[in-house]
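What follows is a short report on a single structure.
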Amino acid sequence: MSLIHAAKVAFESLVSEPHPPAPRLTGLESLPPARQVLPAGFLLGAATASHQVEGGNDNDWSEWEKGSFPDGAPHIKHRDVSGVACDSWNRFADDVALLWELGANAYRLSVEWSRLEPEEGAWNEAAADRYLEWMRMLRAHGIQPMVTLNHFTLPRWVAARGGWANERTVEWIAAFTRRVARKLGSEVDLWCTLNEPNVLMAFGYMRGQWPPGVKDGKLGLRVLARQIHAHARMARELREHDTVDADGDGHATRVGIAHHVRIFQPATRWPLDRLMAGFTDRLFNQLLVDVHRTGRIQMSVPGMADIDEAVPDLKGSYDYLGLNYYSRDIVRADFRSPTLSRQYVAEGRPVNDLGWDLYPEGLYQVLKRHGRVGLPIYVTENGMADGKGERRPGFLREHFEALLRATREGVDVRGYFHWSLMDNFEWSEGFESRFGLFRTDYGSPEKRRVPTPAVATFQELARGLGLSPQVRTDAT
Ligand code: NOJ
């Protein structure tokens, strides 16, 4: 069975392009203004995640940050630790002021499981009250919250029992979701269950660069499947326990996932390069989309996984598709590599500070491709590491234009969230990589947020949508 399936995948990869061919983005000047192209109620916002901005978290990541790899290299660049981060836990009003200044009408943020449930079954009501207060504050400023329930980090008690390798994690995170839905449901309609399950699989369980530092392809795929099970359970909990329609639009809950999608382009037309690009695409990009349609997890990777299981509540579990889009990889078959391929950036390409290909056409391509799924789409993340902040305005404009073009061609895009509101703790890259629309002055006691040139670009986009950015005053 698995061999036949693998052969079928291989054959399909050979005969099909890994992604639809797309015209280059030219003639952008001919686009009509955003307001005429985008649907009413389009969400324009920014995104962050609890561990990256809040500060003071105590979870599997804060533990990991203290350690080193066997060769002595620190887990985190420059031995940074998240520590106080942007101190958003104590300065949330400052963050709301930034969103106001931008003219944003939405904010994607996450709640921290380890804070709310520091021990199994224990519940930190004071922390939950603070999150509720934040949601009210956002709404009072005309900003719709999109809440992510899990953005990579696990409470230590979950990690100590094996984290995603333990099937009980599905029940634990479902119970956590139930409590959050009951607590915040009156203010939140837009939910994101998990952030980038495929990236967590790759970095945490295959490359061993993130906690739990495992390099085990089989386990990685198992963990991906487990996160899909968790998503389905979480979606059910949200629908059952958040029954309040906070904004009166007829939907008490809209549930999705933030799925990291990349362009995998074969290095040459050589069949093996095409095969490996297609294979990587299916596993990394397509699988998480298919599960919504089929209600099954189907993974067949010779020697690593032969999973075909129906999952209760999975079919139809997305109300929207959340796409995190950043970059493109060129794929070359390489049978000496454990993943059987090598991925790299083509020579001479413009890259961000982390060496990622800057490829706005890719956003157009992923939107066109995923538009066929038939679900509304939110771009739940898109951004670039740019320490000087000089190239972000162009990046933002070009990516937004790609979104407008896809929308004009019929793709149902409902929102765009820029990563990130302000510079923050960029996982194993520490604080050096700066993704913020606002530059975080980590040296200042108040973690001052200073506008980068992209703030003006964002404000232009906001005005184009009929939103009103607020003028900064010293009080904010
Ligand atoms: C995706 C992740 O969700 C986010 O946490 C990260 O900081 C950005 N990509 C940039 O790498």
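The values are calculated or read from the model by the stated rules, or taken from the named source; none is laboratory data. Just so we're clear, the structure is a prediction, and the values are computed from it rather than from any experiment. Neighbour counts are summed over all protein chains in view; Cβ atoms, including those assigned to glycine, are modelled from backbone coordinates with ideal geometry. Accessible surface is based on the protein model in full, side chains and every heavy atom, while ligands, DNA and RNA are left aside. Shrake-Rupley method; radii C 1.70, N 1.55, O 1.52, S 1.80 Å.
Go through segment 135-236 and name the trypsin sites (Lys or Arg not before Pro) that are in a DSSP coil and have 13 or fewer other Cβ atoms within 10 Å of their Cβ.
Filter output for segment 135-236: Lys215.
Heavy atoms of the protein only, probe of 1.4 Å, neighbouring chains included. What is the accessible area of Arg392 in Å², nearest 10?
Answer for Arg392: close to 0 Å² accessible.
In whole Å, what is the distance between the alpha-carbon centres of segment 365-435 and segment 33-86?
About 16 Å separates the Cα centre of segment 365-435 from the one of segment 33-86.
Can you tell me the relative contact order of the chain? Whole percent, Cα pairs under 8 Å, sequence separation 6 or more.
That works out to 19 percent.
What residues of segment 435-465 lie in the reach of a label at His78, counting those whose backbone N is under 18 Å from a point 7 Å from the Cα along Cα→Cβ?
Residues passing the 18 Å test: 435-450.
Between Asn90 and Asp313, what FRET efficiency follows from the Cβ-Cβ distance if R0 is 25 Å, with the result rounded to 0.05?
0.10
For the chain, what is the calculated [θ] at 222 nm in deg cm²/dmol (nearest 500), taking -39500 (n - 2.57) for each run of four or more DSSP H residues and dividing by its residue count?
-11000 deg cm²/dmol
What are the residues whose amide H is under 5 Å from the amide H of Gly383, where those residues sit 5 or more places off or on another chain and H is modelled from the backbone?
Trp419
Ordering His141, His78 by how much accessible area each has at a 1.4 Å probe, largest first, what is the list?
His78, His141
To check you understand DSSP bridge types, tell me what percent of the beta bridges within the chain (both residues inside) are antiparallel, rounded to 5.
Of those bridges, close to 30 percent are antiparallel.
Which one of Pro445, Leu323, Tyr344 is farthest out on the positive end of the charge dipole of the chain, using unit charges on Cβ (Lys, Arg +1; Asp, Glu -1) and the Cα centre as origin?
The residue sitting most towards the positive pole is Tyr344.
To the nearest 0.05, how large is the calculated FRET efficiency for Gln286 and Arg207 if R₀ is 22 Å and r is the Cβ-Cβ distance?
Once rounded, the FRET efficiency stands at 0.60.
Tell me, what is the percent relative contact order of segment 188-295, built from C-alpha pairs under 8 Å that lie six or more residues apart?
Result for segment 188-295 is 29 percent.
Per 0.36 nm of contour for each residue apart, how much would the distance between Arg136 and Glu390 grow if the chain were fully extended, relative to their Cα-Cα spacing?
88.0 nm
What is the set of long-range amide H partners of Met422 at a cut-off below 5 Å, with H atoms built 1.01 Å from backbone N?
When sequence neighbours closer than 5 places are left aside, the close amide H contacts are Leu437, Phe438.
For Tyr416, what accessible surface area do you get with a 1.4 Å probe? Give it in Å², rounded to 10.
About 0 Å², ignoring ligands and nucleic acids.
What nm distance separates the two modelled labels at Ala40 and Glu120, each placed 7 Å from Cα along Cα→Cβ?
5.1 nm
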